[in-house]
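Undergrad: Have a look at the structure that comes next, please.
Just so you know, all these numbers are worked out from the coordinates, no wet-lab data involved. Model, not experiment: these values are computed from the prediction. Heads up, the Cβs are rebuilt from the backbone with ideal geometry, glycines too, and the neighbour counts pull from every protein chain shown.
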Ligand SMILES: *Cc1c(COP(=O)(O)O)cnc(C)c1O
C-alpha cells in the first residue's frame, strides 16, 4: 500500500509552486492543448513517455439555462465529464496513476472497482502496455465488466461489496507485488482529478463558481479540487475566495452526510450500503476526513438523495440539456433542488453540477 507509513493516511503530492508560477499563467494557458496535460507544471508525471493521451480532460462546462430556469436557479452549469475516455471522470485519475506507476517501474496494476474506475484503468494500462487486474462485485452491470475485458484486463468477480474487492486486491498485491491504484491509496489519482478545479476556473473566465455539487464516493474529486484551489492561490491565479462544496450521496450509503450531521472528524463505515449509483456505493473511504474538512472549510454541506429521485432527475437533465447523465450526475441536480427548497441556496448563485459520467453504461436502470 502506498499510504503514509507512519499514520496510514493518504499521501498528497507537493510541487515547487514558485517555480510553477513562472510558466503557469493565464496567458500561457490560453495557448495550451485541450486536455488536462495543459496543467503539466502541477502534475506528477516527470517524463514525456508517461504522459498517456487518450483525450482526457478539458470537458465542456455547459450553461444549462433551460434546466436552471425550470428549477429556479438560472446560472446552473453542468461540467460534463461523460466526454472523457471510457465515459467518466475516472479517466482523469487513472491516466495519472497509471502513468506514474509506469514511470516508477510497476509491472502489473490492480484495482477494486464497482464500475468506471476499472474501465479507466483498463484503458490506460492497455495504452501503456501494462497488465491490469480488476476485482469487481459479482452484481456489477455487464457494460462495466465487458468494457474491462475488451480492453484486455483480467477481470475477477467477487462475491461481496467493493470493500471485499479491496481486501482481495490487498491480498494479491502482497503476494505478487502488483501496484494498487485504489482511491487515495496512491497519491496520483487525486492529482488527475484536481484538474477539474483548474478547468472550471478557466472555463468560467478565470472565476470560481459560488457552489459546486459533487457526487461523492471515495471523494478524490472533491478533495482534489479543494487542493487545486489552494495551489491556484499560491500560484497567484486566484485570491482567498472558494466555492461552497456540496457532497452528494445516496440515502442507501451516506457516511459523509451522517458525519456532517454528527459533527465528527471521521465517517463511520455505512452498514449494508445500497445504491444503484455504483460510484456512490462506497461504505467507508480512506479520505473521509479530507472530504469532511473540505466541505466544512468551504461552508458547504452534504446531502443524501433517494435512488429513485436520481433516476427521475436524470430524465429532466436529458430533456432540458441534451446531456445523458449517469445516476451519480443526476443526484447532483436532485441535491440542488433539495437545497433550493430548504432555502440553503437562494437561486441567484452560480452553481456547477458535476455529471461525472455517461448514462450509457447504466441504461439498464431505465430499461
Ligand atoms: C467514482 C464515481 C463517483 C465518485 O467519485 P469519487 O471521486 O470517488 O468520490 C461519482 N460518479 C461516478 C460516475 C463515478 O464513477
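Undergrad: State whether one or more residues within the stretch 30-37 are more than 25 Å from the chain's Cα centre (by Cα) and either assigned to a helix (DSSP H, G or I) or touching a residue at least 12 places away in the same chain (Cβ under 8 Å) (or both).
TA: No, every residue in the stretch 30-37 fails to be more than 25 Å from the chain's Cα centre (by Cα) and either assigned to a helix (DSSP H, G or I) or touching a residue at least 12 places away in the same chain (Cβ under 8 Å) (or both).
Undergrad: What number of residues within the stretch 165-192 satisfy the criterion of being over 18 Å from the mean Cα position of the chain (by Cα) and more than 12 Å from residue 113 (Cβ to Cβ)?
TA: Total satisfying the criteria: 11.
Quick grid of which residues meet (1) crowded, with 23+ Cβ neighbours inside 10 Å; (2) over 19 Å from residue 125 (Cα atoms); (3) within 21 Å of the chain's Cα centre (by Cα):
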{"site": "4", "(1), (2), (3)": "no, yes, no"}
{"site": "26", "(1), (2), (3)": "no, yes, no"}
{"site": "87", "(1), (2), (3)": "no, no, yes"}
{"site": "100", "(1), (2), (3)": "yes, no, yes"}
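Undergrad: Please pick out the residue among 318, 347 that is on the phi < 0 side of the Ramachandran plot and either assigned to a helix (DSSP H, G or I) or in contact with a helix residue (DSSP H, G or I) (Cβ under 8 Å, 6 or more places away or on another chain) (or both).
TA: Details: 347 fails: on the phi < 0 side of the Ramachandran plot.
Only one candidate passes the filter, namely 318.
Undergrad: Also: Looking at (1) surrounded by fewer than 19 Cβ atoms within 10 Å (Cβ to Cβ); (2) within 18 Å of the chain's Cα centre (by Cα); (3) farther than 27 Å from residue 144 by Cβ, which is the only condition residue 60 fails?
TA: (3)
Undergrad: Please name all residue pairs, on different chains or six or more residues apart, with Cβ atoms under 9 Å, provided the first residue is in the stretch 220-244 and is within 19 Å of residue 89 (Cα to Cα) and free of Cβ contacts under 8 Å to residues at least 12 places away in the same chain and the second residue is more than 16 Å from the ligand (Cβ to nearest atom) and in a helix (DSSP H, G or I).
TA: If the second residue must be more than 16 Å from the ligand (Cβ to nearest atom) and in a helix (DSSP H, G or I), no pairs are left.
Undergrad: Would you check which residues across the stretch 269-290 are closer than 14 Å to residue 302 by Cβ, within 11 Å of the ligand (Cβ to nearest atom) and touching a strand residue (DSSP E or B) at 6+ places or on another chain (Cβ under 9 Å) and list them?
TA: 280, 282
Matching residues to (1) closer than 17 Å to residue 323 by Cα; (2) part of a helix (DSSP H, G or I); (3) away from the ligand (no atom under 16 Å from the Cβ):
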position: 79; (1), (2), (3): yes, no, no
position: 96; (1), (2), (3): no, yes, no
position: 99; (1), (2), (3): no, yes, yes
position: 105; (1), (2), (3): no, no, yes
position: 111; (1), (2), (3): no, no, no
position: 120; (1), (2), (3): no, yes, no
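Rundown of residues vs (1) within 13 Å of the ligand (Cβ to nearest atom); (2) within 27 Å of residue 74 (Cβ to Cβ), yes/no style:
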site: 263; (1), (2): no, no
site: 267; (1), (2): yes, no
site: 337; (1), (2): no, yes
site: 341; (1), (2): no, yes
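Undergrad: Right, something else. For the stretch 200-253: of the residues being more than 24 Å from residue 38 (Cα to Cα) and near the ligand (Cβ under 10 Å from one of its atoms), which is surrounded by the most Cβ atoms within 10 Å (Cβ to Cβ)? Steps first, please.
TA: Step one: of the stretch 200-253, the residues more than 24 Å from residue 38 (Cα to Cα) are 210-211, 213, 215-218, 244-253.
Remaining after also requiring near the ligand (Cβ under 10 Å from one of its atoms): 215-218, 247-249.
Values: 215: 30, 216: 34, 217: 28, 218: 25, 247: 26, 248: 32, 249: 27.
Per the criteria, the residue is 216.
Undergrad: Is there a residue in the stretch 89-97 that is over 26 Å from residue 174 (Cβ atoms), surrounded by 24 or more Cβ atoms within 10 Å (Cβ to Cβ) and in contact with a strand residue (DSSP E or B) (Cβ under 9 Å, 6 or more places away or on another chain)?
TA: yes
Undergrad: Looking only at residues in the stretch 299-314 that are buried (at least 19 other Cβ atoms within 10 Å of the Cβ) and not in a helix (DSSP H, G or I), which one is farthest from the ligand (Cβ to nearest atom)?
TA: Only one residue fits best here, namely 301.
Undergrad: Of everything in the stretch 135-177 that's within 26 Å of residue 105 (Cβ to Cβ) and touching a helix residue (DSSP H, G or I) at 6+ places or on another chain (Cβ under 6 Å), which residue is surrounded by the most Cβ atoms within 10 Å (Cβ to Cβ)?
TA: Ranking the qualifying residues of the stretch 135-177, first place goes to 148.
Undergrad: Scan the stretch 344-353 and give yes if some residue there is within 15 Å of the ligand (Cβ to nearest atom), under 16 Å from the mean Cα position of the chain (by Cα) and within 22 Å of residue 59 (Cα to Cα), otherwise no.
TA: Filtering the stretch 344-353 for residues within 15 Å of the ligand (Cβ to nearest atom) gives 352-353.
The next check asks that each one be under 16 Å from the mean Cα position of the chain (by Cα); those that pass are 352-353.
Those still in the list that are within 22 Å of residue 59 (Cα to Cα) too: 352-353.
Yes; the residues of the stretch 344-353 include at least one that is within 15 Å of the ligand (Cβ to nearest atom), under 16 Å from the mean Cα position of the chain (by Cα) and within 22 Å of residue 59 (Cα to Cα).
Undergrad: Quick one: residue 197 ticks every box in (1) crowded, with 17+ Cβ neighbours inside 10 Å; (2) more than 13 Å from the ligand (Cβ to nearest atom) bar one, so which box is it?
TA: (2)
Undergrad: Which condition number does residue 147 fail, the rest of (1) part of a helix (DSSP H, G or I); (2) in contact with a strand residue (DSSP E or B) (Cβ under 9 Å, 6 or more places away or on another chain); (3) within 14 Å of the ligand (Cβ to nearest atom); (4) under 30 Å from residue 200 (Cβ atoms) being met?
TA: Checking residue 147 against (1) part of a helix (DSSP H, G or I); (2) in contact with a strand residue (DSSP E or B) (Cβ under 9 Å, 6 or more places away or on another chain); (3) within 14 Å of the ligand (Cβ to nearest atom); (4) under 30 Å from residue 200 (Cβ atoms), the one that fails is (2).
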